[in-house]
Amino acid sequence: MTAQNPTDDRHPALTSPLPGPPPGTPGGPPTPAANPLDPAAVHDFLARTEEVSGTADPEPCPLPALVERFAALPAPPGAVVVIALPNGVRALRFFFAVSLAGHTPVLLSPSTPVSRVREVARELGACALVRAAIRTEGVTGVIRAGGADLGLFTDWPYRGHGPGQVVLMSSGTSGMATGCLHSMDALLRNARRHGRSVGQRAADTALVSLPVYYSFALVAQVLGGLVHGSRLVMAGPPFSVAGYLDTVAGRGVTLSSLTPSLVKSVVTAGGELPGALRTLTVGGQALDPSYVSRLLKLNPELALFVTYGLTEAGPRVSTLAAHREPPHRHGSVGLPLDGVEVLTRPTGTGERELLVRSDTVYRLRVGEAAPSKRGDLVEPGLLATGDVGHVDDDGYVHVTGRSSDFAMVRGEKVSTATVRRAAESLPGVVRAATRITAVDDDSATLALDVYVDSAVPPSEAELRRHLRSLLTRNELPLTVRIRPLAAGEHHK
């Protein structure tokens, strides 16, 4: 499959008419010199986006005023702005305002600990932080704007990437403060391709119940709604089956996206979906074929799409129209999107690693060095996924394994390397090891063994307090064991 001309699938309303040569990046493909977002299109999109909570914005701020606020930041063009807000219109307004002001937005979970926010910001060279309430040492000049606090980081030099860029954090799979630099143009292109593959249209009402700080929700759902003209309904997390079904029925939702663990919750609770729901897409991990079959049997009119992607790819890669396929194909993740090619190469262990070639692959790693080879660039536009699988004779992609550096814990991807690194940052800890115990095909529990070589080793309570200051809830190990360093072992 050959890549299409990138301009073929830009939404006309989102294409900037401003001329200028692309700045490019050494070793990477060129990107537009101007932001492809159109302020009027973004304004209209936000106006047709609503929240399930029904809570009015307590401090509304017009988009142009917010854009001016960010444009006035004492920072170079394309400076990184960290946004850690709950799912909702406010988070989207800040995301788009930062981008329209010529800076680089990066979304983080609103529950990210203060010390973790600072580490991410330092590694990215961020200039500013947006949070519901800022009580972070090292952030100055805090003001209230658009219903959130905005403050400046002052302890490191700012890094600029030029206009029209976005940093997507690697969903916890590549490190504590590792991100991928994408152009907004490429993300919009990926959103349009994904939307075409699942039949998204302007008449759809799309429910966003997944966190927008993950690339699946941000690109496939939020930017997908923007480029296709769909109406958005913002919900959760947290997720409950009863709340989900009530929202779908009560808001006339026609398009929804869930992770496999959430699909399993829905099926276990009965599995029948409201008749208004025309399309359900599943992403984030492979869905067990038995659940595909059960969901289709319970909902014979449903268009069910199983998708595959990863943040580094931009992010969506392939789509399976499961409702149109025979059962023997329900274990695949479908055909590559237009303009995407999936290849394989030997791993040296008898398996084959999946490679993705696309003009939406990330341009540059930013932040700290990734602790694993997952998501490395083989060359510009060609991504080594770290996933094991094959492409069958009919072109369908099959994922049979994944990198050993991460696992699904309580339904979310967790980097075991990040957990180990957090533990090893505590004085007295020489080495840490993680153990994964499978709960089912879709999730696992995480245990941590910490090896110490100190006259006064940290207690379990001290270790857990330290981990809570650096890790998100899903990254916290269920059990922790502190062990003395064995004779002959070396310090890290």
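Listing for the model above:
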{"item": "Region 254-387: C-alpha gyration tensor shape, a/c 1.5 cut-off, then a/b vs b/c", "result": "prolate"}
{"item": "For region 406-484: rounded, prolate or oblate by the Cα gyration tensor [a/c cutoff 1.5]", "result": "prolate"}
{"item": "Förster-model FRET efficiency, 25 Å R0, residue 438 and residue 462, C-beta, rounded to 0.05", "result": "0.25"}
{"item": "Label-point separation in nm, residue 481 to residue 351, each point 7 Å along Cα→Cβ", "result": "2.5"}
{"item": "Qualifying trypsin sites (Lys or Arg not before Pro) in region 131-168, DSSP loop, other Cβ atoms within 10 Å at most 16", "result": "135"}
{"item": "DSSP bridge orientation in the chain - percent antiparallel, rounded to nearest 5", "result": "65"}
{"item": "Percent antiparallel among DSSP beta bridges (both partners in region 54-163, rounded to 5)", "result": "55"}
{"item": "Residue 379-residue 122 FRET efficiency (beta carbon distance; Förster radius 41 Å; 0.05 resolution)", "result": "0.85"}
{"item": "Charge dipole magnitude, Cβ of K and R +1, D and E -1 - region 406-484, Cα centre, debye nearest 20", "result": "200"}
{"item": "Gain on full stretching of the segment that runs from residue 473 to residue 40 - 0.36 nm per residue minus C-alpha separation", "result": "152.1 nm"}
{"item": "For a label point 7 Å along the Cα-to-beta-carbon line of residue 111, residues of region 466-485 with backbone N under 19 Å", "result": "466-480"}
{"item": "Stretch gain in nm, segment residue 203-residue 154, where the contour uses 0.36 nm per residue and the Cα spacing is subtracted", "result": "13.0 nm"}
{"item": "Full-extension gain in nm, residue 272 to residue 72, via 0.36 nm per residue minus C-alpha separation", "result": "66.9 nm"}
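Every read-out reported here was derived from the displayed coordinates using simple, explicitly stated rules and does not represent laboratory data. These numbers were taken from a predicted model, which means no experiment stands behind them. In this analysis, Cβ positions are derived from the backbone assuming ideal geometry, glycine residues included, and neighbour counts consider all displayed protein chains.
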